[in-house]
1. So for the stretch A:39-62 (the condition being within 14 Å of another protein chain (Cβ to nearest Cβ), out of contact with any strand residue (DSSP E or B) (no Cβ under 9 Å at 6 or more places or on another chain) and surrounded by fewer than 21 Cβ atoms within 10 Å (Cβ to Cβ)), does at least one residue qualify?
2. Sort out which residues of the stretch A:175-189 are hydrophobic (A, V, I, L, M, F, W, C) and either near DNA strand D (Cβ under 7 Å from one of its atoms) or touching a residue at least 12 places away in the same chain (Cβ under 8 Å) (or both), and write them in order of number.
3. Taking residue B:91 as meeting all but one of (1) within 27 Å of residue A:157 (Cα to Cα); (2) more than 10 Å from chain A (Cβ to nearest Cβ), write down the number of the exception.
4. Do we find that residue B:72 is surrounded by fewer than 14 Cβ atoms within 10 Å (Cβ to Cβ) and acidic (Asp, Glu) in this structure?
5. Please determine whether any residue of the stretch A:157-170 is of a type in the set (Phe, Trp, Tyr), within 12 Å of DNA strand D (Cβ to nearest atom) and part of a helix (DSSP H, G or I).
6. Quick one: which residue in A:114, A:196, A:103 is of a type in the set (A, V, I, L, M, F, W, C), over 21 Å from residue B:100 (Cβ atoms), modelled with pLDDT under 95 and not in a loop (DSSP other than H, G, I, E, B)?
7. Out of everything in the stretch B:158-189 that is near DNA strand C (Cβ under 10 Å from one of its atoms) and of a type in the set (D, E, K, R), what residue ends up being farthest from the other protein chains (Cβ to nearest Cβ)?
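The values are calculated or read from the model by the stated rules, or taken from the named source; none is laboratory data. Everything quoted here is computed from the prediction, not taken from an experiment. Here the Cβ positions follow ideal geometry from the backbone for every residue, glycine too, while neighbour counts run over all protein chains shown.
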Protein chains: 2
Amino acid sequence: MIPPQINDTSLKIFRDGMATYVVFEDTEWEILKNYIELKVLQKKDHFAVSGKICDHIGFIVNGSVRYYHIKDGTEITGYFSFENDFVSSYKSYVTRTPGTGYIQALEQTEFAIISYNNLEQMLNHPLLAYKMERFGRLVAEHYICCYEERISSFILDTPEERYLKMLKTDPDIMQRVPQHYVANYLGITPVSLSRIRKRTVFQS
Amino acid sequence: MIPPQINDTSLKIFRDGMATYVVFEDTEWEILKNYIELKVLQKKDHFAVSGKICDHIGFIVNGSVRYYHIKDGTEITGYFSFENDFVSSYKSYVTRTPGTGYIQALEQTEFAIISYNNLEQMLNHPLLAYKMERFGRLVAEHYICCYEERISSFILDTPEERYLKMLKTDPDIMQRVPQHYVANYLGITPVSLSRIRKRTVFQS
DNA sequence: ATAATTTCTTATCTTTTGTTAACAATTTAA
DNA sequence: TTAAATTGTTAACAAAAGATAAGAAATTAT
């Protein structure tokens, strides 16, 4: 099985990204890299679509994506990911069931990707299994921490507080993402975000 | 190191709970069980408190807990856990930093617990490490899926829809938990939940 | 460069939620 | 059993958000 070649620059960035969680030695990496492929999406192309099983987990080498759902015929954006983030319809990927949302490139975006089958092979490979399990655990734990924060903010903060916190946490998000997507992400309407920005004398 | 004894009934329930994710053989279990302790909290006792590092991960053998934060001097309940759930201030436990919230028993509650040190030892034990990493990954993935659902609901659904969905997902929650806690959990005030229940001819 | 599309703001009106307070109902404690 | 505390409901009013629409601003496409 000869996977589509991924270039060395992207591979290096991906290796560094994984090293945040688990460091792979050169000998391990020589094996591991054979399971990594490259994917490039143009603006508005989809990484995952509703109704289909999401077959890959991606790592953004450069670019960005948004997660959205369709409710009553309109798109509602729930999340964004940027460089060095992992991307997938996790539930779909993990449970092998059709996803309920979409993941779309906000601009031309380059991913290092691991197919479900390749991940299975890595998890069964005697020289990779242990570190891959560990890697998976640490990544999952990291995202749990992020999600915890996000849920707390819905429980504890008003939309206005959520907006102001976001400006501190992701100072450049308003520059990189259309405002009406950000509004959805905050759980409010675009009109409402516009009003909040007006009354908070929008810093940034 | 001789840990406080945990009784066999509770241990069996905990073993079944872990087996949802990874099955441990008898020989493995004989080692593993030495790292498990028992904890019993009376109603209103705390499993974790704000400002302190949460040193244990718990598994509810029987009973229930609520997660809450204090904002402007008042308690806001963000989550509940019941039998067969894992319980911890995850971020605190994982990152070894003081937690920002509280976990409190809603009734007398019995936990199988793993201290951070014991978990480290298990993760370093040659006969347990691999399966424990895998177990950790699968549990974390499971909670990611749950959290994804919850966040989606804040983005996509109105409070009323969120309430109705909850009735389907957790049909007995209104019986087990005070209503004003549930209101917080839904991201609204107790008064608002009372109104929603009135106008939806509260089923259940 | 111009037209078309998308995005953002503003205004009006409606609906919902938050706030506060009073009271009833229920649970807990003495 | 009675008293105290907690919990749930309802009402009145204020504040915020949703819905819709119109127009301005910015971006994208031709």
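1. Step one: of the stretch A:39-62, the residues within 14 Å of another protein chain (Cβ to nearest Cβ) are A:48, A:50, A:54, A:57.
From what's left, out of contact with any strand residue (DSSP E or B) (no Cβ under 9 Å at 6 or more places or on another chain): none.
No, every residue in the stretch A:39-62 fails to be within 14 Å of another protein chain (Cβ to nearest Cβ), out of contact with any strand residue (DSSP E or B) (no Cβ under 9 Å at 6 or more places or on another chain) and surrounded by fewer than 21 Cβ atoms within 10 Å (Cβ to Cβ).
2. First, pick out the residues of the stretch A:175-189 that are hydrophobic (A, V, I, L, M, F, W, C): A:177, A:182-183, A:186, A:188.
Within the stretch A:175-189, A:177, A:182, A:186, A:188 meet the criteria.
3. Failed condition: (2).
4. Numbers: surrounded by fewer than 14 Cβ atoms within 10 Å (Cβ to Cβ): yes; acidic (Asp, Glu): yes.
Yes, satisfied.
5. Taking the stretch A:157-170 as the starting set, the residues that turn out to be of a type in the set (Phe, Trp, Tyr) are A:163.
From the residues that got through so far, the ones that are within 12 Å of DNA strand D (Cβ to nearest atom) too are A:163.
The next check asks that each one be part of a helix (DSSP H, G or I); those that pass are A:163.
Yes, the stretch A:157-170 contains a residue that is of a type in the set (Phe, Trp, Tyr), within 12 Å of DNA strand D (Cβ to nearest atom) and part of a helix (DSSP H, G or I).
6. Numbers: A:114 fails: modelled with pLDDT under 95; A:103 fails: modelled with pLDDT under 95.
Testing whether each residue is of a type in the set (A, V, I, L, M, F, W, C), over 21 Å from residue B:100 (Cβ atoms), modelled with pLDDT under 95 and not in a loop (DSSP other than H, G, I, E, B) leaves just A:196.
7. Out of the qualifying residues, it is B:160.
For (1) polar (S, T, N, Q); (2) under 22 Å from residue A:130 (Cβ atoms); (3) touching a Cys at 6+ places or on another chain (Cβ under 6 Å), each residue gets a yes or a no:
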| position | (1), (2), (3) |
| --- | --- |
| A:13 | no, no, no |
| A:22 | no, yes, no |
| A:34 | yes, yes, no |
| A:44 | no, no, no |
| A:49 | no, no, no |
| A:68 | no, no, no |
| A:93 | no, yes, yes |
| A:103 | no, no, no |
